[in-house]
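The values are calculated or read from the model by the stated rules, or taken from the named source; none is laboratory data. Nothing here was measured: the structure is a model prediction, and the numbers come from that model. We place every Cβ from the backbone using ideal geometry, glycine too, and count neighbours over all the protein chains shown.
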Amino acid sequence: MDILWLGGEGPKDVPWSAHRYLVTTLNVPSETLKGLRSLQRVGFQNGRPVTFLRIYDPLAGERKVQVKDFASLDLHPEIILYEGYWEKASDFVFLERRAAPKPQSP
C-alpha cells in the first residue's frame, strides 16, 4: 500500500511541529514562515504511519495558483518551499528545502 487518504486535503496552517523543526533544525527565521500554508496527506514511510507535508507560499509564482489539495501542487512544484513528513506518534519531523526548478532552455 502506497498512500492512504484520510481527508483533510485542503490548505492549513503550518503544523507547530514542522514550524519548530524549520526554525531549530533548518535555521529558518520564524518571521519568514508567516503566511505560509501546508498541505497534508496521510500515508506510510518505511512501514510507519506518517503525515506527508508540503509547505508552500500561496503568494509565490507569476500567476495565482488554485491550490485545492496535496496533489494539486504536483502541477506547481515551483511554489513548494519545504517537503517531508511528520510522525505524530513520536512527533518526529523530517523536512527538506525544495530546490527551485531550473528554467528550461528554448
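Table for the structure above
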| read-out | value |
| --- | --- |
| Candidates Q66, Q40 - the one that is at pLDDT 90 or above and polar (S, T, N, Q) | Q40 |
| Check on Q40, surrounded by 12 or more Cβ atoms within 10 Å (Cβ to Cβ), over 18 Å from I79 (Cα atoms) and not hydrophobic (A, V, I, L, M, F, W, C) | no |
| Residue list for the range 18-39, restricted to those being in a loop (DSSP other than H, G, I, E, B) and either under 27 Å from Q66 (Cβ atoms) or aromatic (F, W, Y) (or both) | V28, K34, G35, L36 |
| Filter result (touching a helix residue (DSSP H, G or I) at 6+ places or on another chain (Cβ under 7 Å) and either among the basic types (K, R) or in a strand (DSSP E or B) (or both)) within the range 56-71 | Y56 |
| Residue list for the range 92-106, filter: at pLDDT below 85 and either surrounded by 12 or more Cβ atoms within 10 Å (Cβ to Cβ) or under 18 Å from T25 (Cα atoms) (or both) | A99 |
| Residue match in the range 5-17 (condition: in a helix (DSSP H, G or I) and either in contact with a helix residue (DSSP H, G or I) (Cβ under 7 Å, 6 or more places away or on another chain) or modelled with pLDDT of 90 or more (or both)) | yes |
| From the options E78, E83, residue that is in contact (Cβ under 8 Å) with a residue 12 or more places away in the chain, surrounded by 12 or more Cβ atoms within 10 Å (Cβ to Cβ), acidic (D, E) and in a helix (DSSP H, G or I) | E78 |
